[in-house]
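The values are calculated or read from the model by the stated rules, or taken from the named source; none is laboratory data. Predicted model, so just to flag it, every value in this text is computed and none were measured. All Cβ positions, even for glycine, are placed from backbone atoms using ideal geometry, and neighbour counts span all protein chains on display. When the accessible area is computed, the model is the full protein with side chains, heavy atoms only, and any ligands, DNA or RNA have been set aside. Shrake-Rupley method; radii C 1.70, N 1.55, O 1.52, S 1.80 Å.
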Amino acid sequence: MRVAVLSDIHGNRPALDAILARLPSFDALWQLGDIVGYGPYPVEVIAQLERLGASGVRGNHDAAALGVIGTEWFNDDARTAVEWAARRLTEPAAAWLSTLPETRLHGAFTLVHGSPRDPTWEYVYTAPVARACFERFDTSHCLVGHTHVPLVFREAGGGVEMLAPRDGAVVQLDERRTILNPGSVGQPRDGDPRASAMMLDTDAGTATWYRAPYPIEETRQAMREARLPARLVDRLGHGL
Ligand code: ZN
């Protein structure tokens with residue numbers, strides 16, 4: 001089975017369209033949360049995911065837009081944007097979003113937004129954090145988002161090795177357990193502004209990363225019209 005794995009789309013419809021056009025055909029789509037927040041198209045992105053039959057989990061921005069968690073831990077720009085998204089959500093969009101759990105299992109994969117020990121908030125950026133997280137899920141592999149950085153953590157002889165997959169990188173999944181991050185569709189933060197995603201081939205046992213350029217100016221213009229914070233508009237062009 002071929003699975004497209006997307007995370008942190010953040011209401012960026014042009015980025016979502018571009019990465020979907022770039023990916024080879026897939027049998028299923030899994031998303032790792034933060035569908036809304038930051039970007040100007042929360043309802044359109046939810047509608048597209050619903051059309052594609054996406055399965056997945058909710059992120060901290062999704063939970064805040066639904067009022068499930070408060071916004072006191074968000075910085076000012078993030079809070080402004082998530083409150084804007086909350087006002088934009090239609091009833092059907094909010095209903096679909098509210099069905100998403102914090103954790104979901106698909107065969108050998110555990111899906112979370114942040115980490116298996118704190119699905120909403122924890123960032124898995126480093127090998128020591130990943131090492132602690134390996135003890136907190138039971139499947140062979142765990143899919144995480146939240147950092148907006150494509151990363152692989154793999155158990156290796158009692159330790160944990162870390163890889164930073166670039167466009168076209170293929171990681172063979174074998175008996176070593178992994179934590180895999182597809183990067184962010186709608187707001188990449190690894191210095192590359194192109195939309196990022198990952199394809200799993202569960203028969204071949206591979207994970208492959210993809211990047212897609214998208215019309216950033218279209219998203220920026222829609223953000224300006226929505227009066228979303230200028231800093232959020234700027235950062236899309238830097239990929240940081
Ligand atoms: Zn995010």
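Can you tell me which residue in the stretch 44-75 is surrounded by the fewest Cβ atoms within 10 Å (Cβ to Cβ), limited to those that are outside any loop (DSSP other than H, G, I, E, B) and more than 16 Å from the ligand (Cβ to nearest atom)?
Let us first name the residues in the stretch 44-75 that are outside any loop (DSSP other than H, G, I, E, B), namely 44-51, 55-56, 60-66.
Next, from what is left, pick out any that are more than 16 Å from the ligand (Cβ to nearest atom): 44, 47-48, 50-51, 55.
Values: GLU44: 18, ALA47: 16, GLN48: 18, GLU50: 13, ARG51: 8, SER55: 15.
The residue in question is ARG51.
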| said: Looking at the stretch 220-236, I want the residues that are assigned to a loop (DSSP other than H, G, I, E, B) and have a partner that is among the hydroxyl-bearing types (Ser, Thr, Tyr) with Cβ atoms under 7 Å, at least 6 apart or on another chain. Which pairs are those? | reply: PRO229/THR80
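Would you please name the residue that is nearest to the ligand (Cβ to nearest atom), looking only at residues in the stretch 96-120 that are under 24 Å from ASP190 (Cβ atoms) and open to solvent by 40 Å² or more (accessible area, probe 1.4 Å)? If you could, list the steps in order and put the result at the bottom.
Filtering the stretch 96-120 for residues under 24 Å from ASP190 (Cβ atoms) gives 109-120.
From what is left, the residues that are open to solvent by 40 Å² or more (accessible area, probe 1.4 Å) are 117-118.
Numbers: ARG117: 18, ASP118: 14 Å.
The qualifying residue nearest to the ligand (Cβ to nearest atom) is ASP118.
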| query | Taking the stretch 5-25, which residues are open to solvent by less than 10 Å² (accessible area, probe 1.4 Å) and of a type outside the set (A, V, I, L, M)? | reply | SER7, ASP8, HIS10, GLY11, ASN12, PRO14
| note | Checked the stretch 14-43 for anything within 16 Å of the ligand (Cβ to nearest atom), over 18 Å from PRO101 (Cα atoms) and in contact with a strand residue (DSSP E or B) (Cβ under 9 Å, 6 or more places away or on another chain); matches are ALA15, LEU16, ILE19
| task | Restrict the check to the stretch 31-40 and report whether at least one residue is among the β-branched types (Val, Ile, Thr), open to solvent by less than 60 Å² (accessible area, probe 1.4 Å) and at pLDDT 95 or above. | result | yes
| Count of the stretch 189-240 residues which are more than 20 Å from the chain's Cα centre (by Cα), among the hydrophobic types (A, V, I, L, M, F, W, C) and open to solvent by 60 Å² or more (accessible area, probe 1.4 Å) | 1
